[in-house]
Amino acid sequence: MKEIGRVRAVVLNYNGGDLTLECLRRLRATEWPAGRFQVVLVDNASSDGVVGRTRDEMPDVQVITSDRNLGFAGGCNLALRDLDGVDHVALVNSDVLVEPGWLAPLARALRHNPAVGAACPKILFASRFRELELRSGTNRLGRGDRRRLGVRVSGARVSGADVWRDTQLYEGFWGPEEGPEPESEFQRTAGRAVLRVPVDETRPAGDCELQLAADDVTRVDVVSGRNEVALRVGPVPAWYTVPLGGRPFDVINNIGTVLTGDGYGADRGYLERDHGQYENPEDVFAWCGGAVLLAASYLRDVGLFDEQLFLYYEDLELAWRGRERGWRSRYVPASVVRHVHAASTVAGSSLFDYYNERNRLLVLTRHADGRTVAKALAKYALVTGSYARRDVVSPVLRGQAPRMRAPLRRLRALGGYAAAVTKGPRRRPRFGIN
(Lines give C-alpha, C1' and ligand atoms only; values in the text may rest on other atoms or scores of the structure.)
Protein backbone atom coordinates (compact mmCIF):
# COMPACT_ATOMS: atom_id res chain seq x y z
CA MET A 1 0.00 0.00 0.00
CA LYS A 2 1.28 3.41 -0.94
CA GLU A 3 2.17 5.66 1.97
CA ILE A 4 -0.74 8.10 2.12
CA GLY A 5 -0.59 9.56 5.58
CA ARG A 6 0.13 9.05 9.23
CA VAL A 7 -3.08 8.38 11.15
CA ARG A 8 -3.85 8.72 14.84
CA ALA A 9 -6.99 6.83 15.92
CA VAL A 10 -8.52 8.17 19.15
CA VAL A 11 -10.85 6.14 21.37
CA LEU A 12 -12.42 7.79 24.43
CA ASN A 13 -13.37 5.48 27.29
CA TYR A 14 -15.73 6.13 30.16
CA ASN A 15 -16.51 2.80 31.82
CA GLY A 16 -16.94 1.07 28.48
CA GLY A 17 -15.39 -2.13 29.79
CA ASP A 18 -15.16 -5.10 27.44
CA LEU A 19 -16.73 -3.15 24.58
CA THR A 20 -13.90 -0.60 24.65
CA LEU A 21 -11.33 -3.40 24.60
CA GLU A 22 -13.00 -5.02 21.60
CA CYS A 23 -13.06 -1.64 19.85
CA LEU A 24 -9.29 -1.31 20.44
CA ARG A 25 -8.62 -4.85 19.21
CA ARG A 26 -10.52 -4.16 16.00
CA LEU A 27 -8.69 -0.88 15.44
CA ARG A 28 -5.29 -2.53 15.89
CA ALA A 29 -6.21 -4.89 13.02
CA THR A 30 -6.72 -1.94 10.64
CA GLU A 31 -5.04 -2.43 7.27
CA TRP A 32 -2.51 0.40 7.10
CA PRO A 33 1.26 0.69 6.54
CA ALA A 34 3.31 -0.38 9.54
CA GLY A 35 4.51 2.48 11.68
CA ARG A 36 2.01 4.96 10.23
CA PHE A 37 -1.03 4.07 12.33
CA GLN A 38 -1.25 4.92 16.02
CA VAL A 39 -4.07 3.99 18.41
CA VAL A 40 -4.62 6.27 21.41
CA LEU A 41 -6.91 5.47 24.33
CA VAL A 42 -8.11 8.42 26.42
CA ASP A 43 -9.65 7.35 29.72
CA ASN A 44 -12.10 9.75 31.35
CA ALA A 45 -11.58 8.76 35.03
CA SER A 46 -13.18 5.34 34.53
CA SER A 47 -13.41 2.64 37.19
CA ASP A 48 -13.72 -0.33 34.81
CA GLY A 49 -10.08 -1.42 34.76
CA VAL A 50 -9.72 -0.80 31.01
CA VAL A 51 -6.50 1.21 31.41
CA GLY A 52 -4.66 -1.60 33.13
CA ARG A 53 -6.05 -4.28 30.84
CA THR A 54 -5.08 -2.24 27.78
CA ARG A 55 -1.52 -1.76 29.00
CA ASP A 56 -1.21 -5.49 29.69
CA GLU A 57 -2.82 -6.80 26.51
CA MET A 58 -2.04 -4.03 24.01
CA PRO A 59 1.19 -2.27 25.02
CA ASP A 60 1.40 -0.58 21.59
CA VAL A 61 -1.72 1.48 22.40
CA GLN A 62 -0.83 4.89 23.84
CA VAL A 63 -2.87 5.58 26.98
CA ILE A 64 -3.80 9.06 28.20
CA THR A 65 -5.63 9.30 31.54
CA SER A 66 -7.65 12.10 33.09
CA ASP A 67 -8.32 12.30 36.81
CA ARG A 68 -11.86 13.57 36.13
CA ASN A 69 -14.54 13.08 33.52
CA LEU A 70 -14.00 15.78 30.89
CA GLY A 71 -16.86 14.65 28.65
CA PHE A 72 -16.48 13.75 25.00
CA ALA A 73 -15.17 17.18 24.02
CA GLY A 74 -12.54 17.58 26.73
CA GLY A 75 -11.48 13.95 26.62
CA CYS A 76 -10.90 13.93 22.86
CA ASN A 77 -9.04 17.22 23.05
CA LEU A 78 -6.41 15.58 25.27
CA ALA A 79 -5.38 13.49 22.25
CA LEU A 80 -5.70 16.31 19.71
CA ARG A 81 -3.64 19.15 21.14
CA ASP A 82 -0.34 17.86 19.79
CA LEU A 83 -0.65 16.76 16.15
CA ASP A 84 3.01 17.00 15.19
CA GLY A 85 3.75 14.34 12.59
CA VAL A 86 0.06 13.47 12.17
CA ASP A 87 -1.74 13.81 8.82
CA HIS A 88 -5.18 12.48 9.75
CA VAL A 89 -7.08 11.89 12.98
CA ALA A 90 -9.69 9.15 13.28
CA LEU A 91 -12.27 9.52 16.05
CA VAL A 92 -13.91 6.20 16.90
CA ASN A 93 -16.45 5.77 19.68
CA SER A 94 -15.63 3.06 22.21
CA ASP A 95 -18.82 1.26 21.16
CA VAL A 96 -17.97 1.23 17.44
CA LEU A 97 -16.55 -1.89 15.78
CA VAL A 98 -14.49 -1.53 12.59
CA GLU A 99 -13.39 -3.99 9.92
CA PRO A 100 -9.76 -4.11 8.69
CA GLY A 101 -10.44 -2.16 5.47
CA TRP A 102 -12.51 0.65 6.97
CA LEU A 103 -9.81 3.35 6.91
CA ALA A 104 -8.46 3.36 3.35
CA PRO A 105 -11.63 4.70 1.60
CA LEU A 106 -11.83 7.59 4.07
CA ALA A 107 -8.17 8.50 3.59
CA ARG A 108 -8.60 8.45 -0.20
CA ALA A 109 -11.47 10.93 0.11
CA LEU A 110 -9.30 13.36 2.08
CA ARG A 111 -6.37 12.96 -0.27
CA HIS A 112 -8.53 13.42 -3.38
CA ASN A 113 -9.70 16.93 -2.42
CA PRO A 114 -7.80 19.16 0.05
CA ALA A 115 -11.02 21.12 0.71
CA VAL A 116 -12.55 18.03 2.35
CA GLY A 117 -11.74 18.20 6.05
CA ALA A 118 -13.80 15.23 7.21
CA ALA A 119 -14.68 11.85 5.70
CA CYS A 120 -17.61 9.91 7.18
CA PRO A 121 -18.24 6.15 6.91
CA LYS A 122 -21.57 4.39 6.71
CA ILE A 123 -22.45 3.63 10.33
CA LEU A 124 -24.77 0.65 10.78
CA PHE A 125 -26.24 -0.63 14.00
CA ALA A 126 -24.19 -3.52 15.35
CA SER A 127 -27.09 -5.97 15.37
CA ARG A 128 -29.34 -6.99 12.54
CA PHE A 129 -33.09 -6.80 13.16
CA ARG A 130 -36.44 -8.43 12.58
CA GLU A 131 -39.63 -6.40 12.46
CA LEU A 132 -42.99 -6.75 14.20
CA GLU A 133 -46.18 -4.85 13.47
CA LEU A 134 -48.75 -4.30 16.23
CA ARG A 135 -52.39 -3.52 15.36
CA SER A 136 -55.04 -2.79 17.95
CA GLY A 137 -58.08 -0.74 18.75
CA THR A 138 -57.57 2.63 20.37
CA ASN A 139 -59.09 4.74 23.13
CA ARG A 140 -58.69 8.24 24.52
CA LEU A 141 -57.78 8.95 28.12
CA GLY A 142 -59.53 12.33 27.92
CA ARG A 143 -59.22 15.18 30.41
CA GLY A 144 -56.38 16.95 28.66
CA ASP A 145 -55.04 13.93 26.71
CA ARG A 146 -56.49 13.76 23.20
CA ARG A 147 -54.20 11.01 21.83
CA ARG A 148 -55.61 7.84 20.26
CA LEU A 149 -53.89 5.16 22.34
CA GLY A 150 -53.40 1.48 21.67
CA VAL A 151 -51.31 -0.65 24.05
CA ARG A 152 -48.35 -0.04 26.36
CA VAL A 153 -45.03 -1.69 25.45
CA SER A 154 -42.47 -1.93 28.23
CA GLY A 155 -40.12 -4.80 27.43
CA ALA A 156 -38.78 -7.18 24.79
CA ARG A 157 -36.90 -10.48 24.95
CA VAL A 158 -35.52 -12.70 22.19
CA SER A 159 -34.64 -16.31 23.01
CA GLY A 160 -34.89 -15.35 26.68
CA ALA A 161 -32.38 -12.47 26.44
CA ASP A 162 -33.45 -8.94 27.38
CA VAL A 163 -33.20 -6.78 24.23
CA TRP A 164 -35.42 -3.88 25.29
CA ARG A 165 -32.58 -1.33 25.36
CA ASP A 166 -31.70 -2.09 21.73
CA THR A 167 -35.27 -2.50 20.46
CA GLN A 168 -36.15 0.14 17.88
CA LEU A 169 -39.61 1.69 18.23
CA TYR A 170 -39.74 2.60 14.59
CA GLU A 171 -43.24 3.89 13.87
CA GLY A 172 -46.53 4.57 15.65
CA PHE A 173 -45.29 5.27 19.18
CA TRP A 174 -46.13 8.29 21.32
CA GLY A 175 -42.81 8.72 23.12
CA PRO A 176 -41.41 7.54 26.47
CA GLU A 177 -43.50 7.69 29.64
CA GLU A 178 -42.88 6.60 33.20
CA GLY A 179 -44.96 4.48 35.52
CA PRO A 180 -44.76 2.03 38.44
CA GLU A 181 -42.89 -1.26 38.15
CA PRO A 182 -42.87 -3.34 36.03
CA GLU A 183 -43.64 -0.44 33.67
CA SER A 184 -41.09 2.04 34.99
CA GLU A 185 -40.52 3.11 31.39
CA PHE A 186 -42.92 2.36 28.56
CA GLN A 187 -44.29 3.70 25.31
CA ARG A 188 -47.86 3.72 24.08
CA THR A 189 -48.74 2.70 20.56
CA ALA A 190 -51.20 4.23 18.18
CA GLY A 191 -53.62 1.93 16.35
CA ARG A 192 -50.70 0.61 14.30
CA ALA A 193 -47.08 0.50 15.41
CA VAL A 194 -43.87 -1.08 14.14
CA LEU A 195 -40.95 -2.14 16.29
CA ARG A 196 -37.70 -3.97 15.55
CA VAL A 197 -35.88 -6.41 17.79
CA PRO A 198 -32.17 -7.24 17.45
CA VAL A 199 -31.36 -10.84 16.60
CA ASP A 200 -28.21 -12.90 17.09
CA GLU A 201 -27.65 -14.72 13.82
CA THR A 202 -25.02 -16.98 15.38
CA ARG A 203 -27.77 -18.66 17.42
CA PRO A 204 -30.88 -20.57 16.30
CA ALA A 205 -33.89 -18.34 15.63
CA GLY A 206 -36.20 -18.09 18.64
CA ASP A 207 -39.48 -16.51 19.58
CA CYS A 208 -39.86 -12.93 20.77
CA GLU A 209 -41.60 -11.96 23.98
CA LEU A 210 -43.17 -8.53 24.45
CA GLN A 211 -44.31 -7.05 27.74
CA LEU A 212 -47.67 -5.47 26.97
CA ALA A 213 -50.59 -3.90 28.79
CA ALA A 214 -53.70 -1.92 27.83
CA ASP A 215 -56.10 0.40 29.63
CA ASP A 216 -58.93 -2.05 28.84
CA VAL A 217 -58.91 -5.62 27.54
CA THR A 218 -57.80 -5.22 23.93
CA ARG A 219 -57.16 -7.51 20.97
CA VAL A 220 -53.71 -7.01 19.51
CA ASP A 221 -52.69 -8.56 16.19
CA VAL A 222 -48.93 -9.01 15.85
CA VAL A 223 -47.44 -9.62 12.40
CA SER A 224 -43.81 -10.57 11.69
CA GLY A 225 -43.03 -11.65 8.13
CA ARG A 226 -45.59 -14.32 7.29
CA ASN A 227 -46.30 -15.05 10.95
CA GLU A 228 -49.36 -13.57 12.63
CA VAL A 229 -50.78 -14.07 16.11
CA ALA A 230 -53.79 -12.56 17.91
CA LEU A 231 -53.31 -11.60 21.56
CA ARG A 232 -55.76 -10.62 24.27
CA VAL A 233 -54.01 -7.93 26.30
CA GLY A 234 -55.32 -6.73 29.65
CA PRO A 235 -54.53 -3.92 32.11
CA VAL A 236 -51.89 -5.89 34.05
CA PRO A 237 -48.45 -5.95 32.32
CA ALA A 238 -47.63 -9.46 31.12
CA TRP A 239 -45.27 -11.21 28.72
CA TYR A 240 -46.72 -12.42 25.41
CA THR A 241 -44.90 -14.75 23.02
CA VAL A 242 -44.92 -13.85 19.33
CA PRO A 243 -43.14 -15.75 16.54
CA LEU A 244 -40.49 -13.88 14.59
CA GLY A 245 -40.58 -14.00 10.80
CA GLY A 246 -38.90 -12.41 7.82
CA ARG A 247 -35.20 -12.15 7.11
CA PRO A 248 -32.88 -10.17 9.38
CA PHE A 249 -31.79 -6.84 7.92
CA ASP A 250 -29.25 -4.09 8.58
CA VAL A 251 -30.39 -0.69 9.83
CA ILE A 252 -28.59 2.60 9.24
CA ASN A 253 -27.43 4.64 12.22
CA ASN A 254 -25.68 7.52 10.43
CA ILE A 255 -24.50 8.44 6.93
CA GLY A 256 -23.50 11.99 7.78
CA THR A 257 -25.38 14.57 9.81
CA VAL A 258 -28.10 16.93 8.60
CA LEU A 259 -29.66 20.00 10.19
CA THR A 260 -33.43 19.73 10.37
CA GLY A 261 -35.79 22.63 9.84
CA ASP A 262 -36.38 23.00 13.57
CA GLY A 263 -32.66 23.06 14.37
CA TYR A 264 -31.90 19.51 15.39
CA GLY A 265 -28.71 17.81 14.31
CA ALA A 266 -30.02 14.52 12.93
CA ASP A 267 -28.41 11.29 11.79
CA ARG A 268 -28.95 11.15 8.05
CA GLY A 269 -30.63 7.87 7.08
CA TYR A 270 -31.44 7.08 10.72
CA LEU A 271 -33.47 3.87 11.18
CA GLU A 272 -33.75 3.23 7.45
CA ARG A 273 -33.20 -0.33 6.26
CA ASP A 274 -29.92 -0.53 4.40
CA HIS A 275 -30.73 -1.89 0.95
CA GLY A 276 -28.10 -0.05 -1.05
CA GLN A 277 -29.89 3.29 -1.37
CA TYR A 278 -26.87 5.30 -0.14
CA GLU A 279 -23.99 3.87 -2.15
CA ASN A 280 -22.78 7.08 -3.81
CA PRO A 281 -20.22 9.37 -2.14
CA GLU A 282 -21.58 12.86 -1.49
CA ASP A 283 -21.08 15.98 0.59
CA VAL A 284 -23.05 16.25 3.84
CA PHE A 285 -23.81 19.13 6.18
CA ALA A 286 -21.71 17.72 9.02
CA TRP A 287 -19.85 14.66 10.25
CA CYS A 288 -20.65 12.39 13.17
CA GLY A 289 -18.10 12.04 15.97
CA GLY A 290 -18.99 8.37 16.41
CA ALA A 291 -16.67 7.50 13.53
CA VAL A 292 -14.90 9.99 11.27
CA LEU A 293 -11.51 10.70 9.69
CA LEU A 294 -10.40 14.33 10.02
CA ALA A 295 -7.56 16.06 8.23
CA ALA A 296 -5.05 17.41 10.73
CA SER A 297 -4.92 20.59 8.63
CA TYR A 298 -8.66 21.00 9.24
CA LEU A 299 -8.19 20.85 13.01
CA ARG A 300 -5.22 23.21 12.92
CA ASP A 301 -7.34 25.73 11.02
CA VAL A 302 -10.69 25.36 12.78
CA GLY A 303 -9.61 24.43 16.29
CA LEU A 304 -10.61 21.67 18.72
CA PHE A 305 -13.87 20.70 20.39
CA ASP A 306 -15.67 23.27 22.52
CA GLU A 307 -15.39 21.84 26.03
CA GLN A 308 -18.35 23.86 27.29
CA LEU A 309 -20.57 21.44 25.37
CA PHE A 310 -19.12 18.47 27.31
CA LEU A 311 -21.28 15.85 25.60
CA TYR A 312 -23.50 15.86 22.48
CA TYR A 313 -23.54 18.37 19.61
CA GLU A 314 -19.80 19.02 20.05
CA ASP A 315 -19.19 17.27 16.72
CA LEU A 316 -21.90 19.29 14.94
CA GLU A 317 -20.49 22.52 16.37
CA LEU A 318 -16.97 21.74 15.17
CA ALA A 319 -18.27 20.68 11.75
CA TRP A 320 -20.38 23.86 11.47
CA ARG A 321 -17.35 25.92 12.44
CA GLY A 322 -15.45 24.22 9.63
CA ARG A 323 -18.23 24.94 7.10
CA GLU A 324 -18.00 28.62 7.99
CA ARG A 325 -14.32 28.51 7.06
CA GLY A 326 -14.94 26.75 3.73
CA TRP A 327 -14.26 23.13 4.72
CA ARG A 328 -16.39 20.28 3.36
CA SER A 329 -17.57 17.00 4.90
CA ARG A 330 -17.80 13.94 2.66
CA TYR A 331 -19.82 10.73 3.09
CA VAL A 332 -17.87 7.67 1.90
CA PRO A 333 -20.07 4.54 1.68
CA ALA A 334 -17.15 2.23 0.87
CA SER A 335 -16.20 2.48 4.53
CA VAL A 336 -18.62 0.65 6.85
CA VAL A 337 -18.50 0.44 10.65
CA ARG A 338 -20.98 -0.86 13.23
CA HIS A 339 -22.26 0.93 16.32
CA VAL A 340 -23.63 -0.58 19.52
CA HIS A 341 -26.11 2.27 19.85
CA ALA A 342 -26.33 4.18 23.15
CA ALA A 343 -23.91 1.84 24.91
CA SER A 344 -21.75 4.69 26.22
CA THR A 345 -24.54 7.08 27.27
CA VAL A 346 -28.01 5.60 27.15
CA ALA A 347 -30.53 7.55 25.05
CA GLY A 348 -33.40 8.72 27.23
CA SER A 349 -31.24 9.04 30.35
CA SER A 350 -31.21 12.31 32.30
CA LEU A 351 -27.65 12.91 31.06
CA PHE A 352 -28.73 12.47 27.44
CA ASP A 353 -31.82 14.65 27.76
CA TYR A 354 -29.96 17.52 29.47
CA TYR A 355 -26.95 17.86 27.19
CA ASN A 356 -28.78 16.96 23.99
CA GLU A 357 -31.37 19.71 24.41
CA ARG A 358 -29.15 22.32 26.06
CA ASN A 359 -26.38 21.94 23.50
CA ARG A 360 -28.71 21.97 20.51
CA LEU A 361 -29.95 25.39 21.53
CA LEU A 362 -26.41 26.60 22.30
CA VAL A 363 -25.03 25.53 18.92
CA LEU A 364 -27.94 27.16 17.11
CA THR A 365 -27.41 30.38 19.06
CA ARG A 366 -23.74 30.45 18.01
CA HIS A 367 -24.09 29.56 14.35
CA ALA A 368 -27.67 30.02 13.07
CA ASP A 369 -29.48 33.26 12.24
CA GLY A 370 -31.67 34.97 14.83
CA ARG A 371 -34.93 33.89 13.23
CA THR A 372 -33.96 30.21 13.39
CA VAL A 373 -32.94 30.55 17.02
CA ALA A 374 -36.20 32.29 17.96
CA LYS A 375 -38.22 29.63 16.15
CA ALA A 376 -36.35 26.84 17.95
CA LEU A 377 -36.88 28.44 21.37
CA ALA A 378 -40.58 28.96 20.70
CA LYS A 379 -41.02 25.35 19.62
CA TYR A 380 -39.08 24.16 22.66
CA ALA A 381 -41.52 26.02 24.91
CA LEU A 382 -44.53 24.55 23.07
CA VAL A 383 -43.19 20.99 23.27
CA THR A 384 -42.41 21.42 26.97
CA GLY A 385 -45.97 22.61 27.46
CA SER A 386 -47.32 19.54 25.67
CA TYR A 387 -45.30 17.29 28.00
CA ALA A 388 -46.67 19.18 31.00
CA ARG A 389 -50.23 18.71 29.71
CA ARG A 390 -49.70 14.98 29.12
CA ASP A 391 -47.75 14.17 32.29
CA VAL A 392 -49.01 16.72 34.83
CA VAL A 393 -52.35 18.28 33.90
CA SER A 394 -54.05 15.21 32.42
CA PRO A 395 -53.15 12.82 35.30
CA VAL A 396 -54.25 15.37 37.91
CA LEU A 397 -57.60 15.83 36.14
CA ARG A 398 -58.06 12.05 36.22
CA GLY A 399 -57.25 11.91 39.95
CA GLN A 400 -53.79 10.41 39.43
CA ALA A 401 -50.34 11.51 40.58
CA PRO A 402 -48.49 13.79 38.13
CA ARG A 403 -45.41 12.47 36.35
CA MET A 404 -42.84 15.24 36.61
CA ARG A 405 -39.71 13.70 35.12
CA ALA A 406 -40.00 14.72 31.45
CA PRO A 407 -41.20 18.33 32.02
CA LEU A 408 -38.57 18.92 34.71
CA ARG A 409 -35.79 17.54 32.51
CA ARG A 410 -36.75 19.91 29.73
CA LEU A 411 -36.91 22.88 32.09
CA ARG A 412 -33.50 21.97 33.52
CA ALA A 413 -32.00 21.84 30.03
CA LEU A 414 -33.51 25.23 29.20
CA GLY A 415 -32.07 26.67 32.40
CA GLY A 416 -28.65 25.25 31.52
CA TYR A 417 -28.88 26.87 28.10
CA ALA A 418 -29.79 30.25 29.58
CA ALA A 419 -26.89 30.06 32.07
CA ALA A 420 -24.41 29.16 29.33
CA VAL A 421 -25.57 31.97 27.06
CA THR A 422 -25.27 34.44 29.93
CA LYS A 423 -21.68 33.33 30.60
CA GLY A 424 -20.75 33.42 26.95
CA PRO A 425 -18.59 30.83 25.14
CA ARG A 426 -15.42 29.63 26.82
CA ARG A 427 -12.07 30.20 25.21
CA ARG A 428 -11.55 27.21 22.92
CA PRO A 429 -8.53 24.96 23.55
CA ARG A 430 -5.47 25.63 21.40
CA PHE A 431 -2.79 23.31 20.14
CA GLY A 432 0.19 22.69 22.38
CA ILE A 433 -1.61 23.54 25.65
CA ASN A 434 -1.85 20.77 28.24
Of the conditions (1) more than 22 Å from ALA9 (Cα to Cα); (2) modelled with pLDDT of 95 or more; (3) open to solvent by 10 Å² or more (accessible area, probe 1.4 Å), the single one that LEU351 does not satisfy is (2)
Residue hits (the range 1-11; open to solvent by 50 Å² or more (accessible area, probe 1.4 Å), out of contact with any Asp or Glu (no Cβ under 7 Å at 6 or more places or on another chain) and in contact (Cβ under 8 Å) with a residue 24 or more places away in the chain) are MET1, GLU3
Among strands (runs of 3 or more DSSP E) entirely within the range 236-295, at least 3 residues that are closer than 30 Å to GLY160 by Cβ occur in 238-242
Among helices (runs of 4 or more DSSP H) entirely inside the range 12-86, those with 3 or more residues being at pLDDT 95 or above, surrounded by 19 or more Cβ atoms within 10 Å (Cβ to Cβ) and touching an Asp or Glu at 6+ places or on another chain (Cβ under 7 Å) are 71-78
ask   = Of the residues that make up the range 230-249, is at least one of a type in the set (Val, Ile, Thr), open to solvent by 10 Å² or more (accessible area, probe 1.4 Å) and without any contact (Cβ under 8 Å) to a residue 40 or more places away in the chain?
value = yes
Item to complete: Tell me, yes or no, whether the range 87-103 has at least one residue that is assigned to a helix (DSSP H, G or I) and closer than 17 Å to ARG28 by Cα.
Response: yes
The lone condition VAL336 fails out of (1) in a loop (DSSP other than H, G, I, E, B); (2) open to solvent by 30 Å² or more (accessible area, probe 1.4 Å); (3) not basic (Lys, Arg) is (1)
Contact list, first residue from the range 279-304 and aromatic (Phe, Trp, Tyr), second anywhere and part of a loop (DSSP other than H, G, I, E, B), beta-carbon distance below 8 Å, six or more apart or interchain, is PHE285/GLY256; TRP287/GLY256; TYR298/TRP327
Checked pairs for the range 191-213, first farther than 12 Å from THR167 by Cβ and touching a residue at least 40 places away in the same chain (Cβ under 8 Å), second part of a loop (DSSP other than H, G, I, E, B) and among the β-branched types (Val, Ile, Thr), C-beta under 8 Å and 6 or more apart or across chains, list as GLY191/THR138; LEU212/VAL151; ALA213/VAL151; ALA213/VAL236
Within the range 381-419, residues polar (S, T, N, Q) and either under 22 Å from the mean Cα position of the chain (by Cα) or assigned to a helix (DSSP H, G or I) (or both) come out as THR384, SER386, SER394
Discussion item. On the basis of being in contact (Cβ under 8 Å) with a residue 12 or more places away in the chain, in contact with a Lys or Arg (Cβ under 8 Å, 6 or more places away or on another chain) and within 17 Å of VAL229 (Cα to Cα), does LEU141 make the cut?
Written reply: no
Those residues of the range 87-118 which are open to solvent by less than 10 Å² (accessible area, probe 1.4 Å), of a type outside the set (Val, Ile, Thr) and closer than 17 Å to GLY303 by Cα amount to ALA90, LEU91, GLY117, ALA118
Across the range 252-261, the tally of residues that are more than 13 Å from the chain's Cα centre (by Cα) and surrounded by 15 or more Cβ atoms within 10 Å (Cβ to Cβ) stands at 2
Checked pairs for the range 367-394, first under 21 Å from GLY424 (Cβ atoms), second at pLDDT below 95 and of a type outside the set (Ser, Thr, Tyr), C-beta under 7 Å and 6 or more apart or across chains, list as ALA368/GLY263; THR372/GLY263; ALA376/ASP262; ALA376/GLY263
When the range 143-201 is checked residue by residue, the ones that are under 24 Å from the mean Cα position of the chain (by Cα), surrounded by fewer than 16 Cβ atoms within 10 Å (Cβ to Cβ) and part of a strand (DSSP E or B) are ALA161, ASP162, GLU171, GLY175, PRO176, GLU178, GLU185
Filter the range 360-380 for residues that are within 24 Å of the chain's Cα centre (by Cα) and open to solvent by 50 Å² or more (accessible area, probe 1.4 Å); the one that is farthest from ALA418 (Cα to Cα) is LYS379
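Okay, residues lined up against (1) touching a strand residue (DSSP E or B) at 6+ places or on another chain (Cβ under 8 Å); (2) closer than 27 Å to TYR170 by Cβ:
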| site | (1), (2) |
| --- | --- |
| ARG268 | yes, yes |
| LEU271 | yes, yes |
| ARG300 | no, no |
| GLU307 | no, no |
| PHE310 | no, no |
| ARG328 | yes, no |
| HIS341 | yes, yes |
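The values are calculated or read from the model by the stated rules, or taken from the named source; none is laboratory data. Source: prediction; values computed, not measured. Heads up, the Cβs are rebuilt from the backbone with ideal geometry, glycines too, and the neighbour counts pull from every protein chain shown. Each accessible area value is taken on the protein alone, full model and side chains, heavy atoms only, with ligands, DNA and RNA left out. Shrake-Rupley method; radii C 1.70, N 1.55, O 1.52, S 1.80 Å.
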